Amino acid sequence: MSEEILKVEDLRTYFYSYTKEAFIRSVDSVSFSIRKGEVLGIVGESGCGKSVAAQSILGLITDGPGIISGNIFLTRNDKTVNLLDGLSDYASIRTKRKAILEISKDISGWLKRSESLMKGIRGKVISMIFQNPKSALNPFITVGDQISESIMLHKGIQAKKEAMAIASKWLERVQIDSPSMRLYDYPHGLSGGMCQRVMIAMALSSEPSLLIADEPTTGLDVTIQTKIVELLKKLREELALTILLITHDMNVIMQLADRIAVMYGGRIVEYGLKKEIMDSNSFIRHPYTIALLNSIPTIGEIKAKERLRAIKGDVPDTITLYRGCRFYERCTLKNDRIKKRCKEAEPEMIEIGTGHYMRCWLAE
Amino acid sequence: MKFILWKPILKLVLREFFIAVFLLLGVSIVIFSILHLAPGDPLHIFINIQTQNPEDVALLKRELGLDRAIPIQYLSWLNKLLHGNFGNSFRTGKPVFGELIKVGVNTLMLTIGSMIVTLLIAIPIAVISSLRRHPVLSWGLTLFAYILSALPVFYLGYIVIYIFTKKFNLFPFLPSGAVSSSKFNLIYFFLPIMVLGVGNGSISEIVRHLKMQLERVLSEDYIKAAKAKGASIWRHSFKEGILIPVTTMVAAKIPFILGGAVVVEQVFNWPGMGRLAWQAALDRDYPVIMGITLFAAVFVHVGRLTQTLVFAFVNPQTGEKGEGD
Amino acid sequence: MRARYIQRAAEVSEFSQIPIWKRANKKDIIQIGFGLLVVLFVLSSYITSVLHLLTYDPLEINLKEIMQPPDYKHILGTDFMGRDILSRIIVGSQAYFMPGILAIFIAISFGTIAGLVSAYNSGRTDAVFSYILDLIDSIPKMVIILLAIAFFKPGIFFIMLIVGITNIPTVASLIKSKVIFLKKRNFIEAAKALGLKTTDIIFKHILWYNCKSIVIIQATLGMAEVILIETSLSYLGFGVQEPAPSWGNMVASGGDYFFRGDFYLSTAPAAAILISILGFYLLGDGLNNLLEWRRKR
C-alpha cells in the first residue's frame with residue numbers, strides 16, 4: 001500500500017452566525033486520509049460541509065468568524081507537516097458541558113499564521129479546481145497570463161515566453177483546440193466547459209502532489225460534465241494524479257473514485273473503498289448511502305418513466321445540537337428495535353469490514 | 001505580447017467624445033440663456049445708463065454685439081469659438097482665452113493636486129478596512145476619514161495659515177491682504193493643495209465606495225481561486241477592486257472639488273477661476289462667464305473621458321461597465 | 001444550558017423575526033445615536049427659538065461684553081459685538097436645516113422618478129432623460145450657484161433649490177443602475193409573472209426593498225453636503241448675511257480674530273459644522289448597516 005499524502009484528523013470548521021446567534025458546525029469532527037495515486041471521493045447533499053472541508057485544507061476559510069481546528073498532516077518527500085499547526089493559539093473553542101460557549105479569535109494573527117503555513121503549498125503541492133469555472137477565472141486577465149502566472153510562481157521559470165509555451169502545452173493536454181490562440185483570450189469569451197479545462201490546466205501546470213476538485217462538474221451542461229469527467233479520468237491515468245474529489249453527483253463518484261467518504265450533516269457517515277460500498281452483495285450499508293444510491297435512476301427506470309426517488313426530508317441544519325443520529329428524521333430503515341437508541345445517542349464510527357467504517361447503530 | 005482590440009476602444013472613445021461635445025453645446029446654450037434672461041446689464045461697468053445719451057449707448061451696444069437678437073448673438077459667439085476665439089472680456093477688453101489659461105492653470109493644479117492628496121489618504125484607509133482583519137482599527141480609520149471630510153475646509157485653512165505664519169514665521173501672509181504673485185513660492189503653492197485635499201469633504205464618500213467595491217471583489221470566486229493557486233490577491237483584485245472604483249470616484253468628484261477650490265482660493269488668496277468667475281458674474285461680463293463655464297465643463301468631461309478610457313483598457317468586455325452592484 | 005441553546009436555535013430560524021434593536025450591534029447604535037443627537041440639536045433649536053427659551057438673543061449687541069472668553073455666563077463666549085456665541089450657534093443651525101431638506105427632497109424625488117423612467121423605457125425616452133441629466137451634471141455646482149447669486153441675489157431657499165436640482169443626476173443614476181441590475185436578474189419579469197401589480201412592483205419591491213439604502217445614503221450625504229455648501233457660501237459672504245447667524249459667516253467673522261490668537265470665535269462654529277456633518281455621515285452609515293444587514297453577513 002502506498003504512503004498517505006494527506007491525513008485529516010478530527011477536522012472541525014465552525015462559523016458563527018450573527019443572524020442565528022449560534023455556531024454553524026459545517027464540518028464536525030471529520031477524519032480521512034488519501035494515499036498516493038488514489039482518488040478519494042467525498043459525496044453528500046449540498047450543505048453537508050464537503051466543500052467547506054476541502055477549503056479548510058487550503059486555509060481558504062477567511063470569513064472573520066470561521067474557525068478551523070484539528071490536524072491536517074501533509075506528507076511530502078518523507079517529511080510531514082501539520083497544516084493547522086499552531087493555529088489553535090489564535091482561535092479556540094471553549095466548551096462547557098458539550099455546549100459551545102465562545103470562540104475567541106485573533107483574526108489577523110490567525111490569518112498571518114495560516115498564510116505562513118500555506119506558503120509554498122497552495123498551488124504548488126496542493127492545487128484546487130472550483131465549481132462554476134466561469135466565476136473562478138479572473139475576468140480581467142487573459143487565460144495565458146493566468147496559467148503562466150501559476151507556472152512562473154511554482155516552477156521556478158522566470159521568462160514569460162517560456163512559461164507561455166508551457167501553458168500552451170497544458171492547454172493542449174486538456175484538449176483545447178488551437179491552444180496558442182486561446183492563450184490570449186479572456187475568460188468571458190470561453191464556454192463553461194472550456195473554462196473548467198483552463199482551470200484544470202492551471203491547477204496541474206505546477207505538477208502538484210494533490211489535486212482538490214471541488215464540485216468540478218457543477219454549473220456545467222450535462223454533456224460537458226461527462227467530458228470533464230472523462231478528461232479527469234484520462235489525466236489521472238497519464239499523470240498518476242492523487243485527487244480529492246468533492247461532489248454531490250453519485251455518477252461522478254462511480255466513475256472516478258477509488259475510495260468514498262459519505263458526508264451527512266457535517267459528519268462522515270460511511271467511509272471505505274468504492275468496491276466495498278458499492279458492492280451489491282454487501283447488505284451492510286449506511287441508510288443514507290442506500291438512499292443516495294437509490295436516487296440514481298437506472299436506464300430501466302428511465303425507460304419505464306418511473307419517478308425519481310428523492311430522499312425525503314431536508315438536509316439537517318448544522319446548528320442544532322442533536323442528541324441522536326443526525327439522519328434519524330429521514331432514515332427509512334430505523335426499526336422499533338433500535339429506534340430509541342437512534343434518537344438518544346449518536347453512533348460512533350464502527351469498522352464493519354477492512355477499512356470500511358460506518359456510523360450507524362444497525363451495524364452493531 | 002498582448003492583443004489589445006484597438007478598434008472597439010477607439011469607437012467607444014469617439015462615441016464618448018461626440019456625446020461630450022454635444023453636451024458642451026447644451027451647456028453653452030443653457031448658460032447663454034440664463035445670462036441673457038437674468039436681470040442686469042453689462043453696460044453698467046462702462047457708463048451710467050440713465051445719464052448717458054442714447055446714441056452713445058447704442059454705439060457701445062453695437063461694439064459689443066449686444067444689439068442683435070439673442071440667437072444671433074449665440075451663433076456668432078459659437079462661430080468665433082469654432083475659430084478658437086473665446087471673445088474679448090467686456091471689462092478689460094483682453095481676449096478671454098488668455099485670462100482663462102492664466103487662472104485656469106492655477107485652479108487645475110489646485111484641483112488635481114488635491115485630488116491626489118485625497119486619494120493618498122482615502123485608498124490606504126479603504127484597503128486596510130476592507131480586509132476585515134482589524135475590526136477596531138478599520139472602524140477607527142473610517143471614523144478618521146469621516147472626521148476629515150466633515151472638517152470645514154476654510155477653518156482647516158485658518159489653522160494651517162496660523163501655524164505657518166505665526167508659529168514658523170514661514171511667509172508673511174494675511175488672509176485679507178493681497179499676496180503678490182512674486183511670493184508664489186513652494187509652500188504657498190503646496191499648502192492650499194494640502195488643505196483642499198484633506199478638507200474637500202469627498203474622502204468619506206471615496207472611502208465608502210472603494211471599501212464597498214473592494215470587499216465585493218475580494219469575496220469573488222476568482223480571488224479565492226487565485227489564493228488557492230498561491231498568487232497575490234492584490235494582483236488579481238487590482239483592476240476591478242481598486243483601479244475601476246478609483247477612476248469612477250475621481251471622475252465623479254471633479255466638479256465637487258472644483259467647488260471646494262473656489263473656497264480655498266478665497267482663504268489663500270489664490271488667483272484662480274473662482275474669483276474670476278465671481279467678478280465676471282458681478283460685471284455681467286458674458287464672454288468671460290461663458291469661457292469659465294465651458295472650461296469647467298470641459299474639465300469635467302476630460303475626467304469622464306479618462307474614465308471611459310481606463311474602463312475600456314481594463315475591461316476586456318469593452319463597453320460594459322466593470323462595476324456591478 | 002444546552003436545552004436553552006437548542007431552543008434558541010429553533011426560535012431564531014427566520015431573519016425577519018429578529019427585532020431591529022437586536023440586529024444592531026454596538027457600533028451601529030453608537031453611530032445612529034450620534035446622528036440622532038445632531039438631528040435632535042437642530043430640532044431643539046427650532047423649539048427654543050419659537051418658545052424664546054434662549055437666555056441671550058443671538059442678535060442682541062452688547063458692547064460692554066465684547067470678546068468674552070468662555071465662562072459660566074457665556075458658555076462659548078461672546079463675539080466682537082458682544083453677542084452670545086452659543087445662542088448664535090443654536091439659531092445658526094436653522095440656516096441649513098429646512099433649506100437642506102428642500103434640496104434633499106427635490107434631489108431624491110426627481111432623481112428617483114428620472115432613474116425609474118429611464119431604466120424602464122430604454123430607447124428615446126432614456127436618451128432624452130440621460131441627456132438632460134448629463135447636462136445638469138456637466139456644469140460644476142459651484143459655478144451655477146455663483147452665477148445665480150450674482151444675478152438674482154437669491155435667498156438660501158433658492159440656492160438650495162439649485163443644490164437639489166444639481167443633485168438629481170447622482171440619485172437618478174444610482175436608481176437607474178439598480179433597476180437595470182434588477183432587470184438583468186429577471187427580477188421584474190419574475191414579479192410580473194407572479195401577478196403582482198405594477199405599482200406594487202415599483203413601490204414595494206423595487207423602491208422599498210432595493211433602493212432604500214440608496215435613498216438613505218443619498219439623503220444623509222445630501223444633508224452633509226448641504227451643510228458644507230451653506231457654510232461655504234455664508235463664509236464667502238453669499239449665503240446668510242450678517243447679522244443673521246450662520247455657522248459659515250460666524251467662522252468668517254471670527255477669522256481676523258483667529259490670527260490674533262482669539263480662537264474660540266471661529267472654532268466654536270467650525271466645531272458645530274464638523275459635528276453636524278459627521279453626525280449625518282454616521283447616521284447614514286449606521287442606518288444602512290442596519291437595513292442592509294442581511295446582505296452583509
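The values are calculated or read from the model by the stated rules, or taken from the named source; none is laboratory data. Just so it is clear, the structure is predicted and the values come from calculations on it, not from any experiment. As a convention, Cβ positions derive from the backbone with ideal geometry for all residues, glycine included, and neighbour counts pool all protein chains shown. For the accessible areas, the whole protein counts, side chains as well, though only heavy atoms, and no ligand, DNA or RNA atoms are used. Shrake-Rupley method; radii C 1.70, N 1.55, O 1.52, S 1.80 Å.
Helix B:273-283: angle to the longest alpha-carbon principal axis of chain B, degrees 0 to 90, nearest 10?
30
Hey, quick one: spin label on A:Lys169, modelled 7 Å out along Cα-Cβ, who in the range A:188-205 has an amide N within reach, i.e. under 13 Å?
Those under the cut-off are A:205.
Charges on Cβ only, +1 for Lys and Arg, -1 for Asp and Glu, centred on the Cα centroid of the range C:99-238; of C:Phe151, C:Ile180, C:Ser234, which one is farthest towards the dipole's positive end?
The listed residue farthest towards the positive side: C:Ile180.
So which lysines pass the test for B:Lys166, namely a Cα distance under 20 Å, with those fewer than 8 places away in the same chain ruled out?
Straight-line reach from B:Lys166, under 20 Å: B:Lys183.
Which distance in Å, rounded to a whole number, links the C-alpha centroids of the range C:178-238 and the range C:66-123?
For the range C:178-238 versus the range C:66-123, the Cα centre distance is 22 Å.
Cα-based count: Lys pairs in the range C:99-238 below 27 Å, eight or more positions apart or different chains?
Step by step, the pairs that qualify in the range C:99-238 add up to 25.
Short version: ³J(HN,Hα) in whole Hz for each residue of the range C:267-276, in order, from phi by Karplus 6.51 cos²θ - 1.76 cosθ + 1.60 (θ = phi - 60°), x for Gly and Pro, what are they?
Values per residue, Gly and Pro as x: 5, 4, x, 5, 5, 4, 4, 4, 5, 5 Hz.
What do you get for the angle between helix A:143-154 and the principal long axis of chain A? Use alpha-carbon atoms, 0 to 90 degrees, nearest ten.
Between the helix axis and the principal axis of chain A, the angle is about 80 degrees.
Using a 10 Å cut-off around each Cβ of peptide C:131-139, what is the average number of partner chain Cβ atoms that fall inside?
On the way: counts 4, 1, 0, 8, 9, 3, 6, 15, 11.
Mean inter-chain Cβ contacts per residue within 10 Å come to 6.
Considering only DSSP beta bridges whose two residues both sit in the protein assembly as shown, what percent are antiparallel, to the nearest 5? Numbers along the way, then the final one.
Values: 40 of 58 bridges.
Percentage antiparallel, nearest 5: 70.
When the helix-only estimate is applied to the protein assembly as shown (DSSP H runs of n ≥ 4, each -39,500 (n - 2.57), divided by the residue count), what is the mean residue ellipticity at 222 nm, nearest 500 deg cm²/dmol? Show your work: numbers first, answer last.
Numbers: 39 runs with 551 residues, N = 986.
Taking each H run of at least 4 residues, the total per residue is -18000 deg cm²/dmol.
Compute, for the range C:99-238, the length of the dipole vector about the Cα centre, with Cβ point charges of +1 (Lys, Arg) and -1 (Asp, Glu) only. Units Debye, rounded to 20.
Working: 12 positive and 7 negative charges, 100 e Å.
Here the size comes out at about 480 debye.
Under 5 Å between amide H atoms, partner at least 5 residues away or on a different chain: which partners does A:His356 have, H built in plane at 1.01 Å?
Hits under the 5 Å cutoff: none.
So, with a 1.4 angstrom probe, what is the percent of accessible area on the range A:134-207 that is carbon and sulfur?
Working: 1530 of 2930 Å².
Ligands and nucleic acids excluded, carbon and sulfur reach 52 percent.
Return the sequence-ordered ³J(HN,Hα) values of the range A:261-273 in whole Hz as given by the Karplus equation 6.51 cos²θ - 1.76 cosθ + 1.60 applied to θ = phi - 60°, using x for Gly and Pro.
Rounded to whole hertz, the list is 10, 9, 10, 8, x, x, 10, 7, 9, 8, 8, x, 5.
Set Lys and Arg Cβ to +1 and Asp and Glu Cβ to -1, take the dipole of the range C:197-258 about its Cα centre, and tell me which of C:Phe258, C:Met223, C:Ile202 lies farthest positive.
C:Ile202
I'd like the Karplus ³J(HN,Hα) series for the range C:42-58: coefficients 6.51, -1.76, 1.60, θ = phi - 60°, whole numbers in Hz, and an x wherever there's a Gly or Pro.
5, 4, 5, 5, 5, 4, 5, 6, 6, 8, 6, 8, 5, 5, 10, 6, x
Can you tell me the dipole magnitude for the range A:134-207 around its Cα centre, using point charges on the Cβ only (Lys, Arg +1; Asp, Glu -1), in Debye to the nearest 20?
Working: 8 positive and 7 negative charges, 7 e Å.
Using only the charged Cβ atoms, the result is roughly 40 debye.
Can you find, among A:Ala363, A:Asn82, A:Gly219, the residue sitting farthest towards the positive end of the charge dipole of chain A, where Lys and Arg contribute +1 and Asp and Glu -1 at Cβ?
A:Ala363
Amide H neighbours of A:Leu58 under 5 Å, counting only residues 5+ apart in sequence or on other chains, H built in-plane at 1.01 Å?
So A:Leu58 has HN proximity to no qualifying residue.
Past the 32 Å Cα-Cα mark, which pairs from A:Lys79/B:Lys239; A:Lys50/A:Lys275; A:Lys124/B:Lys253?
On the way: A:Lys79/B:Lys239 39 Å; A:Lys50/A:Lys275 21 Å; A:Lys124/B:Lys253 44 Å.
Beyond 32 Å between Cα atoms: A:Lys79/B:Lys239; A:Lys124/B:Lys253.
Placing unit charges on C-beta atoms (Lys and Arg positive, Asp and Glu negative, everything else neutral), compute the dipole magnitude of the protein assembly as shown about its Cα centre in debye, rounded to 20. Intermediate values should be presented prior to the final figure.
On the way: 108 positive and 83 negative charges, 472 e Å.
With only Lys, Arg, Asp and Glu charged at Cβ, the dipole is about 2260 debye.
Output the 0 to 90 degree angle, nearest 10, between the alpha-carbon long axis of helix B:54-64 and the longest principal axis computed from the alpha carbons of chain B.
Around 40 degrees separate the two axes.
State, in square angstrom and to the nearest 100, the accessible area buried between chains C and B, both chains counted, probe radius 1.4 Å.
Working: alone 17020 and 18830 Å², together 31080 Å².
Interface area, both chains combined: 4800 Å², rounded to the nearest 100.
Tell me which chymotrypsin sites (Phe, Trp or Tyr not before Pro) from the range C:25-99 have a DSSP coil assignment and no more than 16 other beta carbons within 10 Å of their own.
Passing sites in the range C:25-99 are C:Tyr72, C:Phe80.
Please work out how much length the chain gains when fully extended from C:Phe152 to C:Arg124, using 0.36 nm per residue of separation minus the C-alpha to C-alpha distance, in nm with one decimal.
Numbers: separation 28, 0.36 × 28 = 10.08 nm, distance 3.51 nm.
Answer, rounded to one decimal: 6.6 nm.
Send over a whole-number figure in Å² for the accessible area per residue of the protein assembly as shown, probe 1.4 Å. Intermediate results must be reported in sequence, preceding the final value.
On the way: 45600 Å² over 986 residues.
I get 46 Å² per residue for this part.
If amide hydrogens are placed 1.01 Å from N in the peptide plane, which non-local residues have theirs closer than 5 Å to the one on A:Val39?
Residues meeting the criterion, in which the H sits 1.01 Å from N, are A:Ile243, A:Asp258, A:Arg259.
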